[in-house]
Amino acid sequence: MNFSELFKQSNQLCKVSPDGKYLATCVQYRLVVRDVSTLQILHLYTCLDQVSHMEWSSDSLFILCAMYKRGLIQVWSLEQPDWHCKIDEGSIGLVSSRWSPDGRHILNTTEFHLRVTVWSLCTKAVSYMKYPKACQKGIDFSKDGGYMALAERRDCKDYVSIFVCEDWHLLRNFETETQDLSGLEWSPNGCVLAVWDSCLEYKVLLYSLDGRLLSTYSAYEWSLGVKCVSWSPSSQFLAIGSYDEKVRILNHITWGKIAQFEHPASIDNTKATVYKEVERRPAVPSDELLQHNIKVGSTLLNTKSKYEICAPPIQIPVVKPDPDRANPKIGVSVLAFSSDSRYLASRNDNMATAVWVWDMQKMSLEAVLEQTAAVRCFQWDPRHPRLALCTGNSKLYLWSPRGCVSVQVPAEGGFQVQSLSWHCSGDFLILLGKDQLCLCYMDAEQEENGRLWRRKKDRK
Amino acid sequence: WERGGRLRHPWVFFSNGENNEISRMSHVMMSPSRQSNLELAYSLSTYSVIGAFCTEDNVPQCLLHINQELASLGLPVCIEASSPEGANLNAVPVLNAVYELLQIHRRDMCTLEEMEKEQMKKSSSLDLIQMTNSRLKDQLELSIREKSGLYETERQLQLKLKTLQRCLKGEKDEVQKLQSIIASRASQYSHDAKRKEREAAKLKERLSQLLIDRKDKKLAIDVLNNLGRSDGKRSQWRTTKATASHEGEMYKFLLCDYEESQKSLVLENAELKKVLQQMKKEMMHILSPCQPSSRGATADEELAESDEDEKTRDSSRDTLDQSCEHAREQLTNSIRLQWRKLRNHVEKLDNQASQVLHQMESNKDMIPFETHQDEMERMRHEVQQCKEFIHAQQQLLQQQLSTSFDDETAALLYDCYTLEEKERLKEEWRLFEEQKRNFEKERRNFTEAAIRLGREKQAFEEDRAAWFKNHFLNMTPFTNRRRCSSSDGQSSLSIISEPEIRMSVKAHKAKASTYTTFSTPKSSRSTAAPSTTDLYRTLRLIPDCSSSMHSNQVWQESSTNGDEDIRIKSKSRGLHCSDLDIFALGEDDSLT
């Protein structure tokens, strides 16, 4: 495993282009585009203000930089560095901005969710979508970019509008059977739209592309409900994480529940492997050494850690949530399927130090990673069944079915990994610190092993 | 009190009855047998004046009175005086009358007794009844009290219930009130929320209107030059045709998806069908060969079934490709059938297995016997092997000894063997020594005893001589003088009797114990004044003691203790007659 040197960044704005060739980072008001293979700066753009949001267009030709405070958007072209585009939302304000899937339109959500403005870079045309709903996830594009679903609120009722992205033609508009719609998400094949209600009610609705209600699912009543929803990449499963600390898996044929994953504080499942991170403080060096090492003191301060496999039963530390505060820290808030839909990773908010990995073939618990600190972020390798996670310290953790490793990031100056993202090839990881970033390259050999291993498994 | 009185009553009656038996016999007429205290008391009083009834003077009056009384009792006998003076009575009628009276009396007594018994019975039953009555009364009282208590508790409970019901009603009302409050609040809040939302929406509308009206100069897009579409096509006009095409595309997309999913489902179905078919085939394969073997009687049935199976199988095979419900039904039906059969078969097998197990359990010793034999055979073989091994080792050892080591080591080895032998010999020698010592001790004891016997015999001889001398002297005219000396002789004899008794004791004890008893002569009271039988016994024993002494010396070297006693006895018997004269003398002595 190799690490690059540290680069500056701000607001954790660092993204690899969809084709995987370029790396764009924002440093204050500057946008830096590097070549991924050489890490040399290809372009340097200067924005009007500090960038608060940055996004690649789907064809990796344009970069959108949003400055929400000023209600401004600037678009840069990689092919024509001279080309520029500036969109000013004016006094109406700006809270969110994104590319349309075709990379020629920009969707801006104004303040107070007054409307969504669609700007065309082809024709300079502008169109409005009224009554967008301010919620957890109000806009979603289908995977192939053909359709967009927009949650709306009119006359105290929830509606969903489906647009054809090609020409923003309104295809369908239907009322949903929700009290207070909280989010919507297309299935990866783009045929089913999952809509879920706010946390006050456990309700998940499944709509077909043409607006037909396919199914309704509700696990229980009179208690806080859905916290997060995630489709498996194969569109086969819909995982629903809820406030009752459980994950429910719906199937795509009957839309009924086929499995339920619980997150107990005491694990006595003998089939699951429990990896517990154990920290070892290095022995106190002698004075001589201390003086010698004063420069590299930061690395010395870092404790080493390793994983130990624990035999059940194991107690996972649980933080009891404050019942008087809104949005209690309890329940499953993050769900992520591996790229091959084989594994599901989940995190229960009142057990923030643990990541749970579930086997979707056996429908059982595969592994539990108990960290010493709360898990900040985890992401699956887009190619292999490999999970990377970070806990806000100087270490990177990787899980694969073969085992678990903890890697110290050999960076100076107390680099702490706040979040991470995989390169689309799965060859390297981008580790983001507070105002720095670092690339972590996976060993080709290891990767090869991984592939071999996978092939073996496939043969099985 | 009442009960006590009644209890006492028969007692009183009895005592009276016994006392007055005689009086009543004589005064039957005066006291008819009635069981009343009053009359008894009366009869008692008449008893005291019995002497005054008939006197010399009033015999005729008495006769008359008695006759009257008898007549009143219905007795026809008339007592008459044989003489006019009335001094003598005609005996026959009197006796008859007396007999009659006695008969009457006896009968009365009988009835009296019966009645008494009845009375007793009745009184006891009465007692019983009274007791039960009182007990029942107590019970009644208790139950009444209980009942009242229960009534009281019931009343209290009812009261409590009433209060609780009132409370419940109150609570229910409260709950209803609260629920209604909650509902009203909820509706109010939702209403408020809706109102607020509407207001917000209105405000938003107004805001957007205002923004549009203001013609915000800033709201603009500034692009260097327009971009081409990502797909390279030109944008199209919005027409109905376009919308229709969108619809069409959407449905196409959906259709594609459904087709895909259907395809995958069909594939899955086919796979499953294949599996089913295979399962069925395998089932049939499993089932068919064991059918004829397992059953004989129901073979026809089986055959019919298998035919049916064949049919269904064929049909299912034909219709496998027809993806219609009929085929599916048939397939599932046949599978179900097969499954049932398989299940039955498995159950049967299970039963058989259990039976076999049972059988195995029943003749458990049979199979273990075989294994046992096998085991034995194996072990024997092993033992044989071991033996051979040992033998070989011994041979090797010997060879080694004979070849590599010469006589010295052989001698050494021999010495080793002889050492052990020597040790054993020593041990035996020691034992022998001990035995010898024991023998010596015994011999000494014997000689000592013999010596003592000799001395005693000598003393006895001397005594006898003295006694003879005395006797002889008594026959002489100086009797008086010799009397005292004879008494002396008697005393000496009595003294001598001591060892004699000791001898007898010895003779008894020798049967069980060793000769150590010889050493402690006992002076008992009986020896001080020996009875004739003792003397008799001792005198008989004395001569044989002397002879035994001789014999002892003969057998001392060879015989054991037990044998000795027997010999002593036999010897004493043998010498019995020789002492007869002594015995006679002894008897004479005791007589004098």
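The values are calculated or read from the model by the stated rules, or taken from the named source; none is laboratory data. Bear in mind the structure is a predicted one, so any value in this text is a computation, not a measurement. FYI the Cβ positions are ideal-geometry reconstructions off the backbone, even for glycines, and counts take in every protein chain you see. All accessible areas refer to the heavy atoms of the entire protein, side chains included, with ligands and DNA or RNA removed. Shrake-Rupley method; radii C 1.70, N 1.55, O 1.52, S 1.80 Å.
General observations
- Computed over the range A:72-161, the alpha-carbon pair-distance distribution with 5 angstrom bins reads 3, 12, 23, 23, 19, 11, 5, 2, 1, 0, each value a whole percent.
- The translational diffusion coefficient of the range B:164-206, from Stokes-Einstein at 10 °C and 1.306 mPa s with a Kirkwood hydrodynamic radius over alpha carbon pairs, comes to 127 µm²/s.
- Tensor-based shape of the range A:97-239 (alpha-carbon gyration tensor, a/c under 1.5 rounded, otherwise prolate or oblate): prolate
- With R₀ fixed at 60 Å, the C-beta to C-beta distance from residue B:203 to residue B:278 puts the FRET efficiency at about 0.30.
- Annotation: residue B:439 carries an accessible surface of approximately 110 Å², with a 1.4 Å probe and no ligand, DNA or RNA atoms counted.
- Debye equation applied to the C-alpha atoms of the range A:64-106, log10 I(q)/I(0) at 0.18, 0.19 Å⁻¹: -0.53, -0.59
- Cα coordinate range in the range B:424-475, projected on the principal axes (Å, largest first): 76, 7, 6
- Fraction of accessible area attributable to carbon and sulfur, chain A (%, probe 1.4 Å): 49 percent
- For the range B:424-475, the solvent-accessible area with a 1.4 angstrom probe is 84 square angstrom per residue.
- Average partner coverage of A:150-157, which counts Cβ from other chains inside 10 Å: 2
- Based on the reciprocal of the average 1/r between different C-alpha atoms, the Kirkwood radius for the range A:129-177 equals 11.0 Å.
- R0 of 30 Å, Cβ-Cβ distance residue B:152-residue B:127: FRET efficiency to nearest 0.05: 0.20
- In the context of the full protein assembly, residue B:358 retains an accessible surface of approximately 120 Å², using a probe radius of 1.4 Å and ignoring ligands and nucleic acids.
- Cross-link pairs beyond the 29 Å C-alpha cut-off, checked among B:169/B:196; A:133/A:227; A:362/B:348; A:276/A:362; A:271/B:274; A:8/A:320: B:169/B:196; A:362/B:348; A:271/B:274; A:8/A:320
- Counting Cβ atoms of other protein chains within 10 Å of each Cβ in A:103-112 and taking the mean gives 2.
- Chains B and A together, accessible area buried on both sides, 1.4 angstrom probe, square angstrom: 4000 Å²
- Ligands, DNA and RNA are left out, and with a 1.4 angstrom probe the accessible area of chain A is 44 Å² per residue.
- The range A:20-118: Cα Rg divided by the 2.2 N^0.38 Å rule of thumb: 1.06
- Column: log10 I(q)/I(0), Debye, Cα scatterers of chain A, q = 0.06, 0.07, 0.10 Å⁻¹: -0.29, -0.40, -0.83
- Summed side-chain charge close to residue A:186 - residues other than residue A:186 whose Cβ falls under 10 Å, Lys, Arg +1, Asp, Glu -1: -2
- The sum of -39500 (n - 2.57) across all DSSP H runs of n ≥ 4, divided by the residue count of chain A, sets its helix-only mean residue ellipticity at 222 nm to -1500 deg cm²/dmol.
- Counting only other chain Cβ atoms within 10 Å of each residue's Cβ, the peptide A:84-91 averages 6.
- Note on residue A:176: accessible area approximately 10 square angstrom, rounded to 10, probe 1.4 Å, nucleic acids and ligands left out.
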